[in-house]
Amino acid sequence: MTKDKLIDKLLHIIKTDINVYNHLIEKKYDKREEIDVDVIVDQYDNEVIDVDAYHIDLEIEFLKGSIGASKHIMQLIKENIDNL
């Protein structure tokens with residue numbers, strides 16, 4: 001396999017991962033909307049959301065971070081393609 005084909009395959013895998021992450025984010029948002037979020041006043045933080053909703057929000061942020069990291073890796077590969 002040539003270097004160009006290998007790089008193309010690697011970029012394709014990363015793009016596929018990004019698509020999967022985006023799909024998972026959509027599913028998390030759907031699940032998040034299903035939760036009835038009652039905001040209650042807390043003496044320390046002023047508001048607290050449902051624990052399940054909070055965990056879903058964390059999962060969404062993790063997936064968004066994974067997308068950002070994947071895009072950064074793709075950019076590094078493209079910028080340094082001649083040095084690989």
Quiz item: Which entries in 9/31; 3/71; 3/28; 9/64 show an alpha-carbon gap greater than 30 Å?
Solution: 9/31; 3/28
Quiz item: So how much slack lies between residue 73 and residue 14, counting 0.36 nm per residue of separation and subtracting their Cα-Cα distance, in nm?
Solution: 20.4 nm
Quiz item: Roughly how much of residue 14 is accessible, in Å² to the nearest 10, using a 1.4 Å probe?
Solution: 20
Self-check item: Segment residue 82-residue 5, extension gain: residue separation times 0.36 nm, minus the distance between their alpha carbons
Solution: 26.4 nm
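The values are calculated or read from the model by the stated rules, or taken from the named source; none is laboratory data. What you see is a predicted model; the values in this text were computed from it and never measured. Side chains included, ligands, DNA and RNA excluded: accessible areas come from the protein's heavy atoms. Shrake-Rupley method; radii C 1.70, N 1.55, O 1.52, S 1.80 Å.
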